[in-house]
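*Asks:* Take a look at this one; I'll ask things after.
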Amino acid sequence: MTKKKKFGSFLAELRKRKNLTQDDIANYVKTGRNAISRLESGDYKGYNMDRICLIIDKLGYDSRNLRMYHLDEHEVEWHKKMESIRVHLDWQEIDNALPLIIKLENDKEFLKNVLNKQHLMLSQAIMLDYKDHTNPNVVKMLYDSIFLTSPKFQERYMSLFLLSSEEMLIINQLAINYFKNGNESKAISLLNDLKDNIDKNCFDEDFKDRFYVIIADNLSKFLLKKGEYLKVIDLCNEAIEFCVGSKFIYNLLSLSFTKIKCMVVNGKEKDCKKTVIELYHVAKFLKKETFAEEVRKYATDTGLVGKK
């Protein structure tokens, strides 16, 4: 059996494990059943790698490694820029992210690819959210971006959709914006629905763990504000166990900081002093000055450490 036929059989197996028909998949990725049939038989005519990766993502497997093996030189550079933007935005390093976003905005070849465009729209929405989370264009931009690949998406029917990794990040950002604007119940409900969708549709454990950590990180912050401290501590402890590897460094520090805040409220300051100092020094070592300053200010304001 050729590599293409083996890969086609792999796609068919993923689809069958979800009890989906070829028509179902065709509807999700806006193509015909015959095109899916050809793809599963190893005929890739008319498909680029991004389209195939979108199908794999929606079938619950992480397509990033597969994608990287099929990129040309320009695409490799694009993906490096996109990953750098994502890291900078995680750390709220707006000044570092903006020049990269502008370069991609002006790259006509980059924008020809719908998945590239979706990623860029998400980054633009996050930037706008940082500047003014009350701006209604934030939600509009997020919805416009998810409609590129799931044109019929509705939050209340999330369980009916197969979501790609980028779509999950978009929904996560929607929840963040809802929470910032005071719609706490809607934000928490949206993240819980997203978690249920991932549990139901993701077979790749690494893929599932990655998004579980992202969801838990934000959900713990939301529940902290609502005063559900014990629930937050349990959630943080569980999520921290999945934070293995450099790709989770932001979430690891963020979850640890949220846990410290809950423990202080519960009168366990002594158990937090060493951890908060370590957290500060790790952030300084990574040159994440904004996060380090946030930790330092919290530690001094709460009396965990003395003011210098």
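Computed from the coordinates by the stated procedures, all read-outs in this text should not be read as laboratory data. Just so you know, these numbers come straight off a predicted model, no measurement behind them. Here the Cβ positions follow ideal geometry from the backbone for every residue, glycine too, while neighbour counts run over all protein chains shown.
*Asks:* With just the Cα atoms defining each centre, how far is the stretch 86-120 from the stretch 243-265? Give it in Å.
*Replies:* First find each Cα centre; the distance between them is then 26 Å.
*Asks:* With θ taken as phi - 60° and the coefficients 6.51, -1.76 and 1.60, list the Karplus ³J(HN,Hα) couplings across the stretch 87-103 in order, rounded to whole Hz; mark glycine and proline as x.
*Replies:* Working through the residues one at a time gives 5, 4, 5, 4, 8, 6, 8, 4, 5, 7, 6, 4, x, 5, 4, 4, 4 Hz.
*Asks:* Here is a further query. Along the stretch 18-26, what does the Karplus equation 6.51 cos²θ - 1.76 cosθ + 1.60 (θ = phi - 60°) give for ³J(HN,Hα), rounded to whole Hz, x for Gly and Pro?
*Replies:* Result, ordered by residue: 8, 6, 10, 8, 5, 5, 4, 5, 4 Hz.
*Asks:* Moving on to the next point. Got a sec to turn the phi values of the stretch 118-127 into Karplus ³J(HN,Hα) couplings, 6.51 cos²θ - 1.76 cosθ + 1.60 with θ = phi - 60°, whole Hz, x for Gly and Pro?
*Replies:* After applying 6.51 cos²θ - 1.76 cosθ + 1.60, I find 5, 4, 5, 4, 4, 4, 5, 5, 5, 4 Hz.
*Asks:* May I pose another question? What residues from the stretch 152-173 fall in the zone where the backbone N is under 16 Å from a label point 7 Å along the Cα-to-C-beta line of N192?
*Replies:* 156-159
*Asks:* Here is a follow-up. For the residue pair K226 and L20, what label-to-label distance in nm results when each label sits 7 Å from Cα along the Cα-to-beta-carbon direction?
*Replies:* About 3.0 nm, to one decimal.
*Asks:* Nearest 500 deg cm²/dmol is fine: what mean residue ellipticity at 222 nm does the chain get from its DSSP H runs of n ≥ 4 alone, each adding -39,500 (n - 2.57), divided by its residue count?
*Replies:* The helix contribution divided over the chain gives -22500 deg cm²/dmol.
*Asks:* Order by neighbour count: H133, H74, fewest other Cβ atoms within 10 Å first, most last.
*Replies:* In increasing order of surrounding Cβ atoms, one gets H74, H133.
*Asks:* Still on this model: Roughly how many nanometres apart are two label points built 7 Å out from the Cα toward the Cβ at D107 and E289?
*Replies:* With each label placed 7 Å out from Cα toward Cβ, I get 2.8 nm.
*Asks:* Going by amide H atoms built from the backbone, whose H comes under 5 Å of the H on V305, apart from near neighbours?
*Replies:* HN-HN under 5 Å from V305: T300.
*Asks:* Which residue fluctuates the most in the chain, going by a Gaussian network model with Cα springs under 10 Å, if the choices are L219, L100, L286?
*Replies:* Ranking L219, L100, L286 by mean-square fluctuation puts L286 first.
*Asks:* With labels modelled as points extended 7 Å from the Cα through the Cβ direction, what inter-label distance (nm, one decimal) is found for K270 paired with T300?
*Replies:* In this crude label model, K270 to T300 measures out at 2.6 nm.
*Asks:* Of the listed values (i) 5, 16, 18, 13, 12, 14, 12, 6, 3, 1, 0, 0; (ii) 5, 24, 33, 23, 10, 3, 1; (iii) 5, 23, 27, 19, 11, 8, 5, 2, 0, identify the label whose number matches P(r) over Cα pairs in 10 Å bins from 0, in percent calculated from this model.
*Replies:* Checking each listed value against the structure points to (ii).
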